Every structure is written in C-alpha cells, then in structure tokens.
Amino acid sequence: MVPASASATATRWWRRLAPVPQAMPLSPPASRRRFHVGDWCRPPFPTSFAVTDLGPRRGQVLISFLTSRAPSSAPLRGTPTVARSWEEDLERILWTEDEIAARVSEIAAEISEDIKGCGAEVAVVGVATGAFVFLADLVRRMGLPVAVDLIRVESYGSRTESNGAPAIVSDVRVDVEGKHVILVEDIVDTGNTLSFLISHMKSKGARAVSVCTFLDKPGRRKVQFELVGDGKFYRGFVCPDCFVVGYGMDFSERCRYLPFVAVLKPEKYT
Ligand code: IMP
C-alpha cells in the first residue's frame with residue numbers, strides 16, 4: 001500500500017478510475033447495486049457494475065465489474081484488480097506527475113535552446129519501450145521541427161539486471177546520416193545500452209549524438225560512454241539505487257502506464 005502521504009497524484013489517479021458523483025447513493029443496501037455506464041463511467045469500461053464496498057480512504061468506492069455482458073475471452077480493461085495490484089507492488093513514490101511535468105519542461109527548454117544553434121537537422125530517437133512516455137512529453141514541449149523515431153534494444157527480459165549484451169531488435173527508419181541525434185532513454189543504469197546505441201548512431205553517420213535520459217543511476221555505471229561531436233548529456237533526475245517503475249518504465253511489462261515514478265517493493269523481484 002502506498003502511504004497516504006506519498007502522493008496526491010496517486011489519489012487523483014484512483015479517483016479518476018472510480019469517480020464518486022455527489023448524487024450516488026451509498027447507504028445500505030449499497031452492495032451489489034447496479035449502475036449503468038452512462039451514469040458515471042465511459043467506455044472502454046464494461047457496461048454494468050456493482051458497488052461492493054467502501055474504499056480504504058474517504059470518498060472512495062471499490063467497484064466490481066459484472067462480466068455478464070462481456071465475451072468470456074475478452075480481457076476486462078480498467079478493472080479494480082489492476083488498480084489494486086500496482087498499489088500493492090509499490091513501496092513509495094519518488095516523483096509525482098506534477099514534479100515530472102515541471103522537470104520535463106525544464107529539460108525540453110534547455111535542449112531547444114541548445115539545438116536551435118546546432119546547424120544540423122535533429123532526429124530524436126526514443127529507446128523503446130521504456131522511453132515512450134518521456135519521448136512523447138519531451139518532443140511536444142520542445143516545440144521544434146524535429147524528426148522522431150524509435151529504436152528497440154533488448155538486454156533485459158523480465159529481470160532487473162542488464163545482461164550486458166544489448167542487441168537491436170528494431171532499428172530506426174529515419175536516416176540519421178549527417179544529423180544531430182538525441183537518444184532518449186528512460187533510465188541509464190550500467191550504461192551498456194547507451195554505449196552500444198551511441199556507437200550504433202555513429203556507425204550510421206550521425207554528425208553528433210546527445211543523450212537525454214529521464215533518470216540516471218550514476219552509482220551503478222559499469223560502462224562509461226562518450227558522446228559524439230558537440231553532443232550533450234541531459235538527465236531528468238538522479239535515481240537512487242532501487243528498481244523503479246512508472247512513467248513508461250516497467251517490471252515484466254507492468255506499471256508502464258503509471259503517471260508517476262515509484263520504487264518497486266524488493267520482494268516483488270527477489
Ligand atoms: P543499462 O544498459 O544497464 O544502462 O540498462 C538500461 C535499461 O535497463 C533501461 O533502458 C531500462 O529499460 C532498464 N532499467 C534499468 N534500471 C531500471 C529500473 O529501475 N526500472 C526499470 N527499468 C530499468
């Protein structure tokens with residue numbers, strides 16, 4: 001359970017999932033009372049559900065969706081099971097949605113200022129999948145006509161330690177030759193992935209390679225990387241030595257969608 005003081009953002013997120021309209025009757029017998037989607041819930045939620053209990057915090061309601069109208073094979077999206085599972089897996093929130101937004105704006109402004117005078121076309125290349133949220137926020141805040149692409153590298157699987165041998169499983173489509181490439185990472189840990197990607201961009205003829213990572217774990221660095229040309233290193237936050245999830249980052253494909261960054265409970269992966 002995330003401590004109540006940990007984040008107002010988490011509370012807001014929960015409330016968006018199950019907003020409680022003022023007029024909604026909660027008095028007994030509330031359990032198994034049926035409501036319909038038009039009342040206070042929009043698709044893709046199932047069309048019918050029942051109030052089963054009051055939540056642990058004031059004003060919250062736990063709801064269980066009734067599956068009778070959904071095909072039995074269809075995954076139920078947005079169910080309370082999902083909401084509860086992430087909360088139980090998290091130890092504490094490190095950066096809230098608002099803190100992240102403020103920092104991303106700062107970095108975007110810094111990068112925009114730097115690249116305005118770089119005299120080359122710019123290609124912003126996100127490292128999939130972890131960087132997808134950061135990449136989207138960053139390029140929109142930069143507000144400059146840059147090319148955007150993704151590259152997919154695998155070195156992790158479902159474990160929390162890099163295996164040290166990254167391999168490209170999906171390369172960029174944008175021609176980076178002669179361009180200033182900004183590699184966008186979710187997190188730099190040992191430095192293996194980044195060092196490999198910088199060499200890859202250099203071999204493709206990039207004129208300069210900058211790195212913009214949302215998080216940096218400098219204490220865990222095993223490989224020092226060198227930027228190319230007049231490339232620069234940008235980072236959002238220095239991350240403590242723990243496994244974090246949210247804002248695009250996952251553990252076994254879970255928690256990427258969370259709008260904040262939280263520490264995963266060590267017992268979840270040890
Ligand atoms: P590196 O090659 O060891 O620097 O690993 C970088 C990659 O490992 C990142 O792009 C992430 O996908 C993953 N990674 C490292 N630390 C974490 C973490 O705390 N949470 C989620 N992913 C992580």
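Here are a few things to note about the model shown:
- Our estimate of slack between S155 and D171, defined as 0.36 nm per intervening residue step minus the Cα-Cα distance, is 4.3 nm.
- Look at K204, K222, K179, K217 and count the other Cβ atoms within 10 Å of each Cβ; fewest to most, that gives K222, K204, K217, K179.
- Residues E91, E177, arranged from fewest to most other Cβ atoms within 10 angstrom of their Cβ, appear as E177, E91.
- Using the Stokes-Einstein relation with a Kirkwood hydrodynamic radius computed over Cα pairs, the translational diffusion coefficient of the range 181-270 at 4 °C and a viscosity of 1.567 mPa s comes to 93 µm²/s.
- Volume of the convex hull of the range 97-268 (Cα atoms only), normalised per residue: 103 Å³.
- Rel. contact order, % - alpha carbon contacts under 8 angstrom, at least six apart, the range 97-268: 20 percent
- Full-stretch length increase - K116, E88 - with 0.36 nm per residue and alpha-carbon distance subtracted: 5.6 nm
- Sorted by Cβ density within 10 Å, fewest first, the residues T270, T213: T270, T213
- Distance between the 7 Å Cα→Cβ label points at A101 and S203: 4.2 nm.
- Under 11 Å, Cβ to Cβ, from C212 - net charge with Lys/Arg +1 and Asp/Glu -1: -3
Bear in mind that the values in this text are calculations on the coordinates, not laboratory data. Being a predicted model, the structure only gives us computed values, none of them experimental. Please note: Cβ atoms are built from the backbone with ideal geometry, for glycine as well, and neighbour counts cover all protein chains shown.
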